[in-house]
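Shown next, in structure tokens, is the structure this report addresses.
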Amino acid sequence: MLLRAYMKRTIIECVRSAGTILLKRFCHKENFRRKENQSSIVSSADIAAEKHIVACIKTRFPQHNIIAEE
């Protein structure tokens, strides 16, 4: 149960700090690219937030594999 609580605390901290990255870029012009279709876009802010979250998790759980999609 302690591991589960630690994992939950980790993800909350990682996501909140990624939110700071996104808020700093809110209402700014960003580079966008399309994914599968025109309604599926991703910004450089999305990619930066994803990289931050993955790196944050990896610092505490380096042995874990992570599948992510911005």
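Here the condition is being touching a helix residue (DSSP H, G or I) at 6+ places or on another chain (Cβ under 6 Å), loosely packed, with under 10 Cβ neighbours inside 10 Å and modelled with pLDDT under 95; of ASN31, ASN37, it holds for ASN31 alone.
Please verify whether LYS58 is open to solvent by 100 Å² or more (accessible area, probe 1.4 Å) and under 16 Å from the mean Cα position of the chain (by Cα), treating the condition exactly as stated. No.
Kindly list, by first and then second residue, each pair from a residue in region 2-15 that is touching a residue at least 12 places away in the same chain (Cβ under 8 Å) to a residue that is assigned to a helix (DSSP H, G or I), limited to pairs with Cβ atoms under 6 Å and residues at least 6 apart or on different chains. Sorted first by the residue in region 2-15, then by its partner, the pairs are THR10/ARG60; CYS14/ILE53; CYS14/CYS56; CYS14/ILE57. Yes or no: region 5-13 includes at least one residue that is open to solvent by less than 50 Å² (accessible area, probe 1.4 Å) and among the hydroxyl-bearing types (Ser, Thr, Tyr). The answer is yes, given that some residue of region 5-13 is open to solvent by less than 50 Å² (accessible area, probe 1.4 Å) and among the hydroxyl-bearing types (Ser, Thr, Tyr).
The values are calculated or read from the model by the stated rules, or taken from the named source; none is laboratory data. Just so we're clear, the structure is a prediction, and the values are computed from it rather than from any experiment. Don't worry about glycine lacking a Cβ; one is built from the backbone with ideal geometry, like all the others, and counts go over all protein chains shown. With ligands, DNA and RNA removed, areas are computed over all heavy atoms of the protein, side chains included. Shrake-Rupley method; radii C 1.70, N 1.55, O 1.52, S 1.80 Å.
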